[in-house]
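Below is one structure, written out as structure tokens; comments come after it.
The values are calculated or read from the model by the stated rules, or taken from the named source; none is laboratory data. Note that the coordinates shown come from a computational prediction; the quantities given were computed from them, not determined experimentally. Glycine gets a Cβ as well: all are built from the backbone with ideal geometry, and neighbour counts include every protein chain shown. Note: accessible area is taken over every heavy atom of the protein model, side chains too, but ligands, DNA and RNA are not part of it. Shrake-Rupley method; radii C 1.70, N 1.55, O 1.52, S 1.80 Å.
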2 protein chains.
Amino acid sequence: MLRVTAIGPSDEARVRRADRETSARAGDHRALRLWLRLLTCTQLLERHMRNLLRLRFGTTLPRFDLMSRLERYPEGLKMKELSHHLMVTGGNVTGIVDQLVRERLVERLPEPGDRRALRVRLTRAGDEAFGKMARAHEEWIVSVLSGLSRKEHAELFRLLAKVKSHALGITERKDGA
Amino acid sequence: MLRVTAIGPSDEARVRRADRETSARAGDHRALRLWLRLLTCTQLLERHMRNLLRLRFGTTLPRFDLMSRLERYPEGLKMKELSHHLMVTGGNVTGIVDQLVRERLVERLPEPGDRRALRVRLTRAGDEAFGKMARAHEEWIVSVLSGLSRKEHAELFRLLAKVKSHALGITERKDGA
DNA sequence: CTAGAATGCTTTAGGCTTAATCTATTCAAG
DNA sequence: CTTGAATAGATTAAGCCTAAAGCATTCTAG
């Protein structure tokens, strides 16, 4: 029941694949197809990264992201700041930091002027562990995106910026209609 | 500690936002920045959709996705096929179908020639419920992606296709190095 | 026919994520 | 100073998702 219509890679590839966006119907709106493709792409790459992080380093993407953020702030970040940077809820950050603290990769320090707040920082061990992972991670990303020319990279970057800023404009209105 | 260097929207927007990709350092590889932007964009849109589905219809994106897939196959799909289409594990599909069955939106039917397999199909109620949601969903998508011209849509679509096919080539190799 | 492999699905354990709620602390108005 | 609102973080309940293991059925060599 797969479409055999037009564009795309080899026949084998078309048959082998039947993911979320491949079989969008002809009548579907352009925007819908674009969204499905965006979603598929991201999931594909994200899954690839998750697998590699798990197999090579026994860690997960959220843990890696959090450490990656801390690595840019040697003085540490408050929980609130972390949750803002990572675009996740505070409760989520609490859980991930808990694990990393257990593994001695990050530490919670009191925030001098505010007894409510905590400052989270990479430990020395965390910094070292992150360094190794970051180098590998960047190689993986470069490799998985190497199908595009430098020019295409730039164009994709530009278009995504536009999507992002327009979406921000919409989602920041309190209701979404 | 935010970069105040170059491109981007207004100053307020730059300050207000501090998400995952905004503060990538100058030395980071192009590919890394592109990946972070792709991730941010997708998450932004995905979160928007999740919120709308929850607020307007009391449902979730995975449930919507599954029903959306079934809607294209009136004769139903086997669990295996569903998990392939949705790019998730079989166990995951089992759980989501369980819920939808409880809500009488889909039904499991025996597969005639194979007593191991099950065929999952929208019920009449499920089909009606999905119709309403799908119309709203498409409007939301069109709106959130309306910042791009028709030409830009096409270009983004093309570039993502390239990313996707290259990534598929890589992730299909058994190891990722 | 009959092992043994493969397949379709479910179950389990564990991690991620959210919204909502709670506690402690800080801030601001009177 | 005191009261009440706001803020920082943690906790809880529920859903999503995965990898791995398990069960039943089907297929395939011999």
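Below is a table of values for the structure above.
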{"quantity": "Closest approach to the A/B rotation axis among chain A Cβ atoms, residue and whole-Å value", "calculated": "A:Thr42, 2"}
{"quantity": "18 Å reach of a label modelled at A:His29, 7 Å along Cα-to-Cβ, counting backbone N of the stretch B:33-55", "calculated": "B:45-54"}
{"quantity": "Accessible surface of the stretch B:49-177 [probe 1.4 Å, protein heavy atoms]: carbon and sulfur percent", "calculated": "52"}
{"quantity": "The stretch B:65-174: GluC sites (Glu not before Pro) in DSSP coil with no more than 11 other Cβ atoms inside 10 Å", "calculated": "B:Glu75"}
{"quantity": "The stretch A:26-107: trypsin sites (Lys or Arg not before Pro) in DSSP loop, at most 16 other beta carbons within 10 Å", "calculated": "A:Arg72, A:Arg104"}
{"quantity": "Cross-link table A:Lys162/B:Lys78; A:Lys164/B:Lys162; B:Lys80/B:Lys151, entries beyond 30 Å C-alpha to C-alpha", "calculated": "A:Lys162/B:Lys78; B:Lys80/B:Lys151"}
{"quantity": "Label distances, nm, B:Asn51 versus same residue in remaining copies, Cβ-directed 7 Å point", "calculated": "3.3"}
{"quantity": "Label 7 Å beyond Cα on the Cβ vector: A:Arg115 copy-to-copy distances, nm", "calculated": "7.0"}
{"quantity": "Accessible area that becomes buried as B packs against A, both chains, 1.4 Å probe, Å², nearest 100", "calculated": "8200"}
{"quantity": "Average accessible surface area per residue within the stretch A:34-146, 1.4 Å rolling probe, Å²", "calculated": "50"}
{"quantity": "Unit charges on C-beta of K, R, D, E only; dipole of the stretch A:34-146, Debye", "calculated": "200"}
{"quantity": "For B:Pro110, net neighbour charge (Lys/Arg +1, Asp/Glu -1) across residues whose Cβ lies under 13 Å away", "calculated": "+3"}
{"quantity": "7 Å along Cα→Cβ, label-point gaps from A:His29 to other copies, nm, shortest first", "calculated": "3.8"}
